[in-house]
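Values quoted throughout were computed directly from the atomic coordinates according to the rules given, and no laboratory measurement underlies them. This is a predicted model, so every value here is computed, not measured. Note: ideal-geometry Cβ built from the backbone for every residue, glycine included; neighbour counts use all protein chains shown.
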Amino acid sequence: MQTSPLLTQLMEALRCLPGVGPKSAQRMAFTLLQRDRSGGMRLAQAV
């Protein structure tokens, strides 16, 4: 399965967090994609 370049960028950005390896970053990225739009916007504004 080929990963979208944007998804790859998100996973790489998440890996800069302490304790986040490749698998954790992938799980977080997929979880973020499953959120509804308003939940994603709240997260983006908080960051």
Quick one, can you get me the convex hull of the C-alpha atoms of region 5-46 expressed as volume per residue in Å³? 72
Please report Met1, Met28, Met11, Met41 as a ranked list, fewest other C-beta atoms within 10 angstrom at the top and most at the bottom. Met1, Met41, Met28, Met11
Here, trypsin sites (Lys or Arg not before Pro) of the chain satisfying both criteria (DSSP loop; at most 13 other Cβ within 10 Å) are Arg35
With n ≥ 4 as the cut-off for DSSP H runs, can you work out [θ] at 222 nm for the chain, using -39500 (n - 2.57) per run divided by the number of residues, rounded to the nearest 500? -21500 deg cm²/dmol
Points 7 angstrom from Cα along the Cβ direction at Phe30 and Gln9: gap in nanometres? 2.2
